[in-house]
Amino acid sequence: MEVVRELPLDQVMLGDCVQLMRMLPAASVHCVFADPPYNLQLRGELRRPDDSLVDGVDEDWDRFTDFATYDAFTRAWLAECRRLLRKDGTLWVIGAYHNIFRIGAALQDLGFWVLNDVIWRKANPMPNFRGRRFTNAHETLIWAARGRDSRHRFNYAAMKALNDDIQMRSDWFLPLCTGPERLRNQHGLKLHPTQKPEALLHRVLLASTAPGEIVLDPFLGTGTTAVVARRLHRHFIGIERHPAYAEAAIGRVRATRPAPLEGLSGAVSKRDMPRVPFGSLVERGLLPPGTRLFDRMRRVSAVVAADGTVAAGAVRGSIHKVGAAVQNAPSCNGWTFWHFERDGRLVPLDVLRDAEPAVEA
């Protein structure tokens, strides 16, 4: 099979995912998001008590007849995903109890390194029609690096900011895809039985990719991954075997406009920046001893000392410690809190990081 020399960026490819992935060059994508078929068990549970199929489900949707067939398929597409991932790339795969444990074992056997399992707790889960077990109110996402030695991307600051400045946990409370976002066919039925909400993919891509990077979705469905990638200025490669789903995905992408780049996290977070010692700025004369620092409103001030500490009255220490003390706060990022005068205006210390050569942490 001929390998595609130029990546089909921002395109939806129609066909079998394993065959099409084999056409793509190795180490060409930064991230994979996969929402594979569940397996044959699910078919019975998506039937109502009268044995009718739930909206959007057809007999071809989950085509596997036994575990061995499903496992062989799982290993095949996972192996291709690993081949296509760059050394530091990551894979997200979502599933329910029907398949996620089998997928987890397969990806570990192939050399992926599990970083987190994330629980998507559904705010509005679908009821259990037969009343024979608990309502299944969550799905599991496995987030894995290509290998144990991968230096994977995690936009920690973006996730913290998204969560009201609190560390993002591994249990995500998000609603199912409903309302205008849910695609329906000409009969008013759900076009796709497991269409994922855009909020879920927004969080996934914001956490693990940067603008300009490439996201592969081998089971694109109706295009949620592609839509969110376009909105967040990521490139996508989508693969889908069902023509109606692929057509819907293309339509959604065409109707999506990229968000303004301002405020888009994931490029370079403060956590990713080189850790520049404040004292090195004093040593190099960028902030000579005696320089006065101010908060943004000039309500408080501090003086730079020769040893790289700052003093505000009786309080002396690092820019972070003193910044917290003058605010009576538990912590402070001194790089953004303190400002110095340049050409008659106040400038945050943070700008001096660009003037300082990178220093290993």
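The values are calculated or read from the model by the stated rules, or taken from the named source; none is laboratory data. For clarity, every value in this text was computed on a predicted model and none was experimentally measured. Reconstructed Cβ throughout: ideal geometry from the backbone, glycine too, with neighbour counts over all protein chains shown.
Of the numbered conditions (1) among the basic types (Lys, Arg); (2) touching a Ser or Thr at 6+ places or on another chain (Cβ under 7 Å); (3) without any contact (Cβ under 8 Å) to a residue 60 or more places away in the chain, Arg230 satisfies every one except a single condition; which is it?
Of everything listed in (1) among the basic types (Lys, Arg); (2) touching a Ser or Thr at 6+ places or on another chain (Cβ under 7 Å); (3) without any contact (Cβ under 8 Å) to a residue 60 or more places away in the chain, Arg230 misses just condition (3).
Of the residues in the stretch 111-120, how many are over 17 Å from the mean Cα position of the chain (by Cα) and surrounded by fewer than 17 Cβ atoms within 10 Å (Cβ to Cβ)? Reasoning before the result, please.
The initial filter retains those residues of the stretch 111-120 that are over 17 Å from the mean Cα position of the chain (by Cα), namely 111-112.
Now narrow it down to the ones that are surrounded by fewer than 17 Cβ atoms within 10 Å (Cβ to Cβ): 111.
Going through the stretch 111-120 one residue at a time, the tally reaches 1.
Do we have any residue at all in the stretch 161-173 that's in contact (Cβ under 8 Å) with a residue 12 or more places away in the chain, in contact with a Pro (Cβ under 9 Å, 6 or more places away or on another chain) and surrounded by fewer than 20 Cβ atoms within 10 Å (Cβ to Cβ)?
First, the residues of the stretch 161-173 that are in contact (Cβ under 8 Å) with a residue 12 or more places away in the chain: 161-162, 168, 170-173.
After this cut, where a residue has to be in contact with a Pro (Cβ under 9 Å, 6 or more places away or on another chain) as well, the list is none.
No, because not a single residue in the stretch 161-173 is in contact (Cβ under 8 Å) with a residue 12 or more places away in the chain, in contact with a Pro (Cβ under 9 Å, 6 or more places away or on another chain) and surrounded by fewer than 20 Cβ atoms within 10 Å (Cβ to Cβ).
Does the stretch 174-190 contain at least one residue that is surrounded by 15 or more Cβ atoms within 10 Å (Cβ to Cβ) and at pLDDT 90 or above?
Scanning the stretch 174-190, I find no residue that is surrounded by 15 or more Cβ atoms within 10 Å (Cβ to Cβ) and at pLDDT 90 or above, so the answer is no.
Which of the numbered conditions does Lys321 fail, given that it passes all the others? Conditions: (1) modelled with pLDDT of 95 or more; (2) part of a helix (DSSP H, G or I).
The one condition Lys321 does not meet is (1).
Would you check if Thr256 is crowded, with 19+ Cβ neighbours inside 10 Å, in a loop (DSSP other than H, G, I, E, B), in contact with a helix residue (DSSP H, G or I) (Cβ under 8 Å, 6 or more places away or on another chain) and free of Cβ contacts under 8 Å to residues at least 40 places away in the same chain? Don't jump to the end; show me each part of the working.
On the way: crowded, with 19+ Cβ neighbours inside 10 Å: no; in a loop (DSSP other than H, G, I, E, B): yes; in contact with a helix residue (DSSP H, G or I) (Cβ under 8 Å, 6 or more places away or on another chain): yes; free of Cβ contacts under 8 Å to residues at least 40 places away in the same chain: yes.
No, not satisfied.
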